[in-house]
Amino acid sequence: MEIKEALKEKILILDGGMGTYIQQLGISYDGNNDALPLTHPEVMEKIHKDYINAGSDIVCTCTFGANAVSQHGYGLSDKCYDMNVAGAKIARKAADSCTDRKVWVMGSMGPSDKSLTIIEMMMDPEETVTYDVLEAAYQTQAEGLIDGGVDGFIVETVTDGRNAIAALSAIKKIQEKKGTNLPVMMSASIMNASGCIMTGMPLTELYDSVKDFNLMSFGLNCSFGANELYPFIKEISDKVDCAVSIYPNAGLPTANGYEEKPCDTANAVTAMAKDGLINIAGGCCGTTPDHIREIRHHLEGITPRKY
């Protein structure tokens, strides 16, 4: 079954936090998660399998910042294609090892560590990153993900609409080049109760700016806890003509880390599901396989949002 067909039948379960779970496992590395598919492939496969065993229908590659712009500070810009191929292959292997159901692999593409809008506002002559440079970096990333075997893409934690357009345009160009037509998810991150992303753009305007890219889904991730995200998911659900996704943090971080219990996250997401607002649900920072297991249990049998 294709993922778009599956979305009509049930709420699909996305995986949980990647970076925070890596930290929990106590891996010794330099903080560059995106290099781990090259240096610690067995650990990455374990993480994907942990989420699959917890009930994830969709796993995301460990390639969030595997683009030449974000990797520049690590001196690894020339390794980005390899990072993405490796990240996709590891997730693909884990997904294909699941024998009781179909598991899809989405290639994660984060916002990069540069905001095009802020760069333009600052008019910094020392800043060399342009739209064309970022789009080219995303093209290399998208090509590596396709060559590694992903089922689609997830442009996530969007904090700048122009960065998102660069990623979506890059995906479109590479798919045209390679003759593929893989689905694309997009997920934004809001900064506060205003419901705007970091650059000040409201969610409805963000959607209007990207809807012509024929998205499979649009939604929210990261931000804060699911309870606080309800009104914004309602706003999105009322607006968009594609699937809606939600994968929140395990609350806001404290001095002790993320403390929201799996049942709390699941209950908040369930309220959205029962009100017919979502098609995809999972977790972001601080969520674990236990959170995903609880979300799947709570959402079992709830009808997905109609669109």
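The values are calculated or read from the model by the stated rules, or taken from the named source; none is laboratory data. Note that the coordinates shown come from a computational prediction; the quantities given were computed from them, not determined experimentally. Don't worry about glycine lacking a Cβ; one is built from the backbone with ideal geometry, like all the others, and counts go over all protein chains shown.
Which pairs do you get when a residue that is within 17 Å of Cys196 (Cα to Cα), found in region 158-179, comes within reach of a residue that is part of a helix (DSSP H, G or I) and among the small types (Gly, Ala, Ser), reach meaning Cβ atoms under 6 angstrom, with the pair 6+ apart or on two chains? Sorted first by the residue in region 158-179, then by its partner, the pairs are Val158/Ala164; Gly161/Ser209. Residues in region 233-281 that are of a type in the set (A, V, I, L, M, F, W, C), within 17 Å of Ile13 (Cβ to Cβ) and either assigned to a strand (DSSP E or B) or more than 18 Å from the chain's Cα centre (by Cα) (or both): Ala243, Val244, Ile246, Cys263, Ala266, Ala268, Ala271, Met272, Ala273, Leu277, Ile280, Ala281. Of all residues in region 143-162, those satisfying the criterion of being in a helix (DSSP H, G or I) and either among the charged types (D, E, K, R) or in contact with a Lys or Arg (Cβ under 8 Å, 6 or more places away or on another chain) (or both) are Glu143, Ile146, Asp147, Gly148, Arg162.
Of the listed requirements (1) at pLDDT 95 or above; (2) surrounded by fewer than 24 Cβ atoms within 10 Å (Cβ to Cβ); (3) among the hydrophobic types (A, V, I, L, M, F, W, C), Cys284 misses just one: (2).
Looking across region 201-243 at every residue that is closer than 15 Å to Thr157 by Cβ and of a type outside the set (A, V, I, L, M, F, W, C), the one that is surrounded by the most Cβ atoms within 10 Å (Cβ to Cβ) is identified as Gly219. When restricted to residues that are over 24 Å from Leu220 (Cα atoms) and either assigned to a loop (DSSP other than H, G, I, E, B) or within 19 Å of the chain's Cα centre (by Cα) (or both), region 103-127 contains 5.
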